[in-house]
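Since the structure comes first, as structure tokens, the remarks are kept for the end.
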Amino acid sequence: MKLFSNKKGFQQTADAPKLTRTQSLGCIPVKTEGVTWAAGENGDALIEYPIALKPFFINILGRFTGTPRTRLTKKLQLDETGSRVWYLMNGQHDVKTIIKQVAQETGLSLQEAELAVTAFLKELGKRGLIMLRHP
């Protein structure tokens, strides 16, 4: 009996349409429900988001800590650039606009900013913190 298994990543079905690069950059990143954040002293964002555990693991955790928890959270501290991207994700800016803003503020080229921002958005998506909405 296997207790632990590898997480399966998002697999796009064969019938789902694939987005082109231009369409992807036109998507609007939206923060998911249940995610909270606060600005730190120097403007960095601290994100807190729920993690999903099976009831079996919640029971074990309750036995070890003495207090049963039904909602567990994880925290993620963002650096200056990540925080800026997080604050720009207000449901109005598309990915292309965020990339241009980051490039302008950091002095990176558009290509470097695109690589950094898209990698960051991909990581946030893997953690379930954002979704991309196609206009």
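The values are calculated or read from the model by the stated rules, or taken from the named source; none is laboratory data. These figures come from a predicted structure and were not determined experimentally. So basically every Cβ, Gly included, is an ideal-geometry build from the backbone, and we count neighbours across all protein chains shown.
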Checked pairs for the stretch 54-74, first farther than 22 Å from THR36 by Cβ, second modelled with pLDDT under 75 and surrounded by 10 or more Cβ atoms within 10 Å (Cβ to Cβ), C-beta under 6 Å and 6 or more apart or across chains, list as GLY62/PRO68
Considering only the stretch 17-75, state which residues are more than 15 Å from ILE130 (Cβ to Cβ) and β-branched (Val, Ile, Thr). THR20, THR22, ILE51, ILE58, ILE60, THR65, THR67, THR70, THR73
Assess whether ILE58 counts as being of a type in the set (A, V, I, L, M, F, W, C) and within 27 Å of LYS100 (Cα to Cα). no
Residues (within 19 Å of LEU46 (Cα to Cα) and surrounded by 14 or more Cβ atoms within 10 Å (Cβ to Cβ)) located in the stretch 88-101: LEU88, MET89
Return the only residue of PRO68, PRO50, PRO135 being within 20 Å of THR22 (Cβ to Cβ), modelled with pLDDT under 90 and not acidic (Asp, Glu). PRO135
